[in-house]
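Please find one structure pasted underneath; my questions will follow.
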Amino acid sequence: MGATQLSTKHLLGIKYITKEDIQLIFETADNFKEVINRPIKKVPSLRDVTIANLFFENSTRTRISFELAEKRLSADVVNFSASSSSVKKGETLLDTVNNILSMKVDMVVMRHPAPGAPSFLAQHIDANIINAGDGTHEHPTQALLDAFSMREQLGDLEGKRIAIFGDILHSRVALSNIFCLKKLGAEVMVCGPPTLIPKHIGELGVEVSYNVKEALKWCDVANVLRIQLERQDIKYIPSIREYTQYFGINKALLDSLNKKIIIMHPGPINRGVELSSDVADSEHSIILQQVENGVAVRMAILFLLADKR
Amino acid sequence: MLLKNVVVIDKNSPHNGKKRDVLIEKGIIQQIASKIKETKGKIVDVKNAHVSIGWLDIGVQSGEPGYEHRETFQTLTAAAAAGGYTGIAVLPNTNPPIQTKTDVLFVKSQSNIVDVYPIGVVSKNNAGKDLAELYDMKNAGCVAFSDGQRSIQSSGLMKRGLEYLKTFNGLLINYPHDHELAKDGQVNEGKVSTSLGMKGIPNLAEESMLKRDLDLLAYTQSKLHVHNVSTEGSVKLIREAKKQGLKVTASVPVFNLIFNQEAVATFNTNYKVLPPLRQPSDIKALLKGLKDGTIDCISTNHTPLEDEVKKLEFLYADFGTIGLETTFALLNTHLSKFYALPTLIEKLTSLPRKVLGLPIPSIKEGMDANLTLFSNQLEWTLEKQDIYSKSKNTPLLGEKFIGRVVGIINKDQHWFLPSV
């Protein structure tokens, strides 16, 4: 029997939690996955808890996933969204959040464009904080649902090989995935054009490859990231066309390998760019299972953190 | 005034290293002896007291004119006095920048017990394009020229600046920081920046500009001070350039000698500084460079900033920390095992004066009393209310230190810790 409580009152990043925390979240999520597949998907666990979803950056799936998780736990939910620029002009983050907390909010789920914004908040306010993505830093719930989905397919991840493809430089998903998978004992490789891979990424204990085919040959799971042109103020790649040609994953490439690889993607997919449609929709792909698991994993996190109030 | 039982630290003084009584009257050192009879004036007798010539910082940031909410000359000189400095050279990154004879005279006129030495801009409007009126500013009293925190990006301007200053043997000060290579960088590029998901400032951003500057210096045979170096590679480059006989000097900020990149791991914006806090290997090289004379002096890198630009998400916070009032305490607390006290004091006194070409005072009878009195044993804790600087942007609040400045004497004026 493992731990029954998390070691922390916030989920600021995978960096700040332990392997035991991750396992506890997985075990709890197993239960909630069973719950959300029942005809009545709702449990009363968080009936007296108020949660604010603060989104300072656009999000569709993460916000909906959190909101569903909160509602299925019977929490009271308030939503706030603002473009970061309008907030920057006026109120500071601290003022905004303190205003909302004055209305007696217990937990805050926050997405923010600045790395470390949730850690900054945690130093100044009392509520439990869940990082729903902070700039190019971490996206811990995504990493947990990714690892949870891999575990469903492969069992224990110790010694398994996971390659992450795409824009590693601007990706909070990549960073949280690396921390999470390393904690679970997996081997990790990152693959993409050198301009999109941080120079010192090797110091985090990952392999680096610039060759998609080689990386695919190496791995059991390919986690393919979206090419985020919206995060690039300067051009790190010559063109989308060239990227697709040399770094995209398509069926012909997969067929040439003679092995089964699990294909994952945190969404939203640029169909025909990093993944061809025949790969995204193939039996290799578990992209929609990831989305389903997202709700169960977020329910587990909210439930466990509520216990630490 | 009589300073009792003080150890004299001044290589040029016959009393160097000895415990003495020092009698000062009308701003002049009247007598130095092992025991002087009590006089009518103030008597200062502090345990473990040392006296050196007054300290000088080679480049502090002022808030005045333009940013008086950060620092005025009144608060800046008070902070300098409390930090042991009887002289400060002031960078021109103000609003308007220090770029005319009138601006220079204004800055100079702010001298009180602390001598204020103006540094003028190299480029008009501090814009990095065309030369400002350097000769006129020199004649008004500028001690050096620099675009300060706005490093000179244009190699053409850098070349013209170095060339033009030869007219009057002037000194150009540049902080090597290539904006393109450091673009969007928040902290040192390395394991910490990677794991925080932040763009890093690579050592390369400093070293590639420094290489350019040294090439231009060799070409122009002018005079350059490399301000605030932070990398192992920079130390090597400067050591080599000095060996070749180039007229180059260098300084290092106190923070970069003591803290490494791990300091920002908790997103504490008061450790968000330029140059960024680097790797332990860089610190090792900087310490060695100080010891062998490659690096001439230690700067406070004093950059006062208000809460509104510091108490923010790391990405949005400005770079900088105040430093005047904690430099000696940091050095004495952390580096006393690397350097003998006289070596450290040299880096705060005669060497920065030599870089700027200022006269070097001495602790001898008949000389002007330009002195700093300090204890290397006194223990204290930095409290917010003790800070004289108008801005309180320092990560060191609550920090315990060994060693404290007790007072300064300059131009027949004195300032002492309230408890003395």
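Every number in this text was worked out from the coordinates using simple rules, so none of it is lab data. Everything numeric in this text was worked out from a predicted model, so none of it was measured. Note that each Cβ is placed from the backbone with ideal geometry, even for glycine, and that neighbours are counted across all protein chains shown.
Quick one: B:PHE106, B:PHE401, A:PHE148, fewest Cβ neighbours within 10 Å first, how do they rank?
Ordered by Cβ neighbours within 10 Å, fewest first: B:PHE106, B:PHE401, A:PHE148.
To make sure I understand, if each residue's beta carbon is the centre and we count other beta carbons within 10 Å, what order do B:TRP415, B:TRP380 fall in, fewest to most?
B:TRP380, B:TRP415
Still on this structure, please answer the following. Send over the per residue convex hull volume for segment B:54-356, Cα only, as a whole number of Å³.
Enclosed volume per residue, from the Cα hull, is 114 Å³.
If you don't mind, another one. Extending each Cα 7 Å along its Cβ direction at A:LYS260 and B:SER419, get the distance between those two points in nm, one decimal.
Those two pseudo-labels are separated by 7.4 nm.
To continue, here is another question. Suppose each label sits 7 Å from its Cα in the direction of the beta carbon; what would the B:LYS284-B:GLU308 distance come out to in nanometres?
Inter-label distance under the simple model: 4.5 nm.
Continuing with this model, one more query. Once R0 is set to 56 Å, what does the formula 1/(1 + (r/R0)^6) return for the Cβ-Cβ distance between B:LYS11 and A:GLU20, expressed as a FRET efficiency to the nearest 0.05?
0.40
Work out the charge dipole of segment A:96-228 with +1 on the Cβ of Lys and Arg and -1 on the Cβ of Asp and Glu about the Cα centre, then indicate which of A:GLY159, A:LEU184, A:VAL224 is farthest towards its positive end.
After comparing all options, I get A:VAL224.
Skipping prolines and chain starts, which residues have an amide H placed within reach, meaning under 5 Å, of the one on B:LEU378, given they are 5 or more residues away or on another chain?
When sequence neighbours closer than 5 places are left aside, the close amide H contacts are B:GLY403, B:ARG404.
Which lysines does A:LYS104 reach when only Cα atoms under 25 Å apart count, and residues fewer than 8 places away in its own chain are ignored?
Within reach: A:LYS9, A:LYS42, A:LYS71, A:LYS88, A:LYS308, B:LYS311.
Run down the aspartates and glutamates and flag those whose C-alpha is under 15 Å from the C-alpha of B:LYS242, throwing out any fewer than 8 positions away in its chain.
B:LYS242 reaches B:ASP213, B:ASP215, B:ASP292, B:ASP296.
Going by how many other Cβ atoms sit within 10 Å of their own, how do A:ARG47, A:ARG172 line up, fewest first?
Lowest count first: A:ARG47, A:ARG172.
If one computes the Cα centroid of segment B:397-414 and of segment B:334-349, what distance in Å separates the two points?
First find each Cα centre; the distance between them is then 16 Å.
Still on this structure: Hey, can you rank B:348-357, B:260-269 by average C-beta count inside 10 Å, highest first?
Highest-to-lowest ranking by the protection proxy: B:348-357, B:260-269.
Need the C-alpha centroid separation for segment B:92-148 versus segment A:166-185, integer Å.
Computed from Cα coordinates, the inter-centre distance equals 49 Å.
Shifting gears a bit: Over 28 Å between Cα atoms, which of A:LYS199/A:LYS251; B:LYS19/B:LYS236; B:LYS108/B:LYS223; B:LYS183/B:LYS288; B:LYS166/B:LYS411 qualify? Spell out each step's value before the answer.
On the way: A:LYS199/A:LYS251 30 Å; B:LYS19/B:LYS236 39 Å; B:LYS108/B:LYS223 23 Å; B:LYS183/B:LYS288 30 Å; B:LYS166/B:LYS411 32 Å.
A:LYS199/A:LYS251; B:LYS19/B:LYS236; B:LYS183/B:LYS288; B:LYS166/B:LYS411, as the Cα separations exceed 28 Å there.
Stretched out fully, how many nm does the piece from B:LYS211 to B:LYS291 gain, at 0.36 nm a residue minus the Cα gap?
26.6 nm
Considering only C-alpha atoms, what is the centroid distance from segment B:247-292 to segment A:12-63, in Å?
With segment B:247-292 and segment A:12-63 each reduced to a Cα centre, they are spaced 42 Å.
Less than 16 Å apart at the alpha-carbon level, and either on another chain or at least 8 residues along: which lysines does that give for A:LYS183?
List returned: A:LYS15, A:LYS19, A:LYS160.
Related question: Taking the Cα-to-Cβ direction at B:ASP130 and at B:ILE402 and moving 7 Å from each Cα, how far apart do the two end points lie in nm?
Output for this residue pair reads 5.7 nm.
How big is the dipole moment of chain B about its Cα centre under a simple scheme where the beta carbon of each Lys and Arg is +1, that of each Asp and Glu is -1, and everything else is neutral? Debye, nearest 20, please.
1200
Could I ask something else about it? Taking 41 Å as R0, compute the FRET efficiency from the Cβ-Cβ separation of A:ASN99 and A:ASN37 and round it to 0.05.
For A:ASN99 and A:ASN37, the calculated efficiency is 0.60.
Taking the Cα centre of the protein assembly as shown as origin, sum charge times position over the Cβ atoms of Lys and Arg (+1) and Asp and Glu (-1), and report the length of that vector in debye to the nearest 20.
Here the size comes out at about 1440 debye.
Quick one: work out Rg over Rh on the C-alpha atoms of the protein assembly as shown, Rh as Kirkwood radius.
Here the Rg-to-Rh quotient is 1.05.
Check which residues have an amide H placed less than 5 Å from A:ILE130's amide H, if you skip close sequence neighbours.
So A:ILE130 has HN proximity to A:LEU11, A:VAL108, A:VAL109, A:MET110.
Okay, moving on. FRET efficiency for A:GLN289 and A:ASN250, Cβ-Cβ distance as r, R0 = 22 Å, nearest 0.05?
Plugging the Cβ-Cβ distance into 1/(1 + (r/R0)^6) gives 0.55.
So what is the calculated 222 nm ellipticity per residue for chain B, using -39500 (n - 2.57) for each DSSP H run with n of 4 or more, over all residues, to the nearest 500 deg cm²/dmol?
Details: 12 runs with 112 residues, N = 420.
Only helices count here, giving -7500 deg cm²/dmol.
State to the nearest 20 debye the size of the charge dipole of segment B:123-270 about its Cα centre, where the only charges are +1 on K and R beta carbons and -1 on D and E beta carbons.
400
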